[in-house]
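Down below is the structure, laid out as structure tokens.
The values are calculated or read from the model by the stated rules, or taken from the named source; none is laboratory data. These numbers were taken from a predicted model, which means no experiment stands behind them. Cβ placement follows ideal geometry from the backbone for every residue including glycine, while neighbour counts extend to all protein chains displayed.
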Amino acid sequence: MGAGGGGAGGDGGAAALGNGGAGGAGADGVGLLAGAGATGGRGGAAPTGSGGSGGAGGAGFGFIGAAGSGGEGGSGLAVSGGNGGAGGSAYGLLAAIGGHGGAAGPGTSGSGGDGGGGEALFVALAGAGGHAGTGAGINGGQGGDGGSASGALAAFAGAGGSGGPGTTGFGGGGGGGGNAGSLFVAVGGAGGHGGDAATGGGGGGGNGGLGIAYSPLVTGIGIGGAGGDGGAGTSGGGGGFGGAGASYGIAAIDVVLAGDGGAGGAATTGTGGAGGGGGLTLAVDLLGFGLFHGGAGGDGGAATGAGGTGGAGGNGSGINALWGVYGGGAGGDGGSATGTGGTGGDGGNGGIAGGLGAGVGGTGGRGGAAPTGTGGDGGAGGDGGGIIGSGGSGGDAGSGVGAANGGNGGNAGVAANGMFAPSIYGNGGDGGNGVNGGSGGKGGTAGSFGTPGRNGSP
């Protein structure tokens, strides 16, 4: 009566010649105080065929609901690994804990199971996505997506699972982070890491999940999940994008932080992976105060050929009638290389769509170094809007033998982006420095009572 738990799913049967059997689903658990769902069964192994899929985890219902994890996929080295089972969803009055997705079985292209969701009146935690199979295989499988969470007091979404490695093919992509929503604190899940590849391209990192707070009158904290890093390979996988941070209120104190982008994967013979872009802020609070900051861009991957481009910083913005501080995310640095260094990412804009406030543009990323080649150009600084606005500094060029240019400084007040009001007080960002005769970046323009940025040196 107080606690209830379901029975675990049975394991799938192994097959000497054919495919492995699927694991059974875990039973749901229902209890007045606590309800625990059961774990899904493991998929059957198949030495000459495809491994069986893992069973889904059972759901959990109760004052505290805890769901079961998905079962692991069976091994299928000759053909394909079995997919991991999905984690069960959880529902609780006080708390809910979603089940983790099952890992995929060893073999080609087996995918991890998705994490289960969590829904509660107070605190909800969603399950992480399962990792793709780690055994031998041509191409790595996809990591499972993290589960989404919804809780009135706080919600924490699940992280995405890692992509599987590729032995003679490509690495698998990382799973996306889950989304989170709450009246007070919401944290999106991080994206999964892309799989590495020995003789092919690395897998891309998963995108971070959204964190959104709906707090009309008190405090809302919305934090986006970080993007996953790209996998290493002959060419690097791209980093995942950071998740957006969001808050919607009427007269609250808001803290909104977007997720950082993932780093690009390193490359052995080709181009390094591009860094993922930082997440942006999505905020509306007509009579509130707040801090809003875009996510930083991920660094580009290192390479023996050309370094990866740094990811752009996310914009930090919102609609706020009283006062807010808005910061654009910094651009990621370009990847280093023996050939050509990667270009630094541009900084994000910091500003507002209405009301008052201070906006600071993000710094541009530094160009990648190339000791025997040409360094990468620096990224541009972001623009700053609001009554007090400051442009971000441009990134310096990467060191090397050839000429490379510094990035331009951001403006205090935005001409190119009508979303942000020009600043009254504010300084322009300084331009980045060039190398080996490359041009320095131009200093940004100032507000009505500010100082223009300085030009960078050649």
Query raised in the report: Does the range 92-106 include one or more residues that are small (Gly, Ala, Ser), more than 30 Å from Gly181 (Cα to Cα) and free of Cβ contacts under 8 Å to residues at least 60 places away in the same chain?
Result: no
Report summary line: Conditions (1) at pLDDT below 95; (2) closer than 20 Å to Arg42 by Cβ; (3) outside the structural domain of Ser247 (by the TED database) -> Ile138 fails only (2)
**Report entry** The lone exception for Ala213 - which of (1) touching a Leu at 6+ places or on another chain (Cβ under 8 Å); (2) within 25 Å of Gly379 (Cβ to Cβ) it fails
**Finding:** (2)
Requested in this report: Select from the range 439-450 the residues that are at pLDDT 85 or above and crowded, with 24+ Cβ neighbours inside 10 Å and list them in ascending order.
Outcome: Gly440, Gly441, Gly443, Gly444
Query raised in the report: Got at least one residue in the range 166-173 being in contact with a Ser or Thr (Cβ under 6 Å, 6 or more places away or on another chain) and either at pLDDT 95 or above or not β-branched (Val, Ile, Thr) (or both)?
Result: no
Query raised in the report: Are any of the residues in the range 64-72 among the polar types (S, T, N, Q) and either farther than 30 Å from Gly172 by Cα or in contact (Cβ under 8 Å) with a residue 60 or more places away in the chain (or both)?
Result: no
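Tell me the residue from Gly228, Gly233 that is under 12 Å from the mean Cα position of the chain (by Cα), closer than 23 Å to Gly143 by Cβ and not charged (D, E, K, R), please. If you could, list the steps in order and put the result at the bottom.
Values: Gly233 fails: under 12 Å from the mean Cα position of the chain (by Cα).
Unique residue meeting the criteria: Gly228.
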**Report entry** the range 252-280: number of residues that are touching a Leu at 6+ places or on another chain (Cβ under 8 Å) and not hydrophobic (A, V, I, L, M, F, W, C)
**Finding:** 1
Report task. Would you mention how many residues in the range 397-425 are of a type in the set (Phe, Trp, Tyr) and at pLDDT 70 or above? Result -> 1
Report task. Evaluate the range 49-67: report whether one residue or more is among the polar types (S, T, N, Q) and either surrounded by fewer than 24 Cβ atoms within 10 Å (Cβ to Cβ) or within 30 Å of Gly151 (Cα to Cα) (or both). Result -> no
Requested in this report: Would you tally the residues in the range 75-96 being buried (at least 24 other Cβ atoms within 10 Å of the Cβ) and under 18 Å from Ile138 (Cβ atoms)?
Outcome: 6
Query raised in the report: For the range 214-305, which strands (runs of 3 or more DSSP E) that fit wholly inside it have 1 or more residues that are of a type in the set (Ser, Thr, Tyr) and surrounded by 24 or more Cβ atoms within 10 Å (Cβ to Cβ)?
Result: 245-249, 281-285
Query raised in the report: Out of curiosity, is Thr39 assigned to a loop (DSSP other than H, G, I, E, B), more than 20 Å from Ala186 (Cβ to Cβ), among the polar types (S, T, N, Q) and at pLDDT 90 or above?
Result: yes
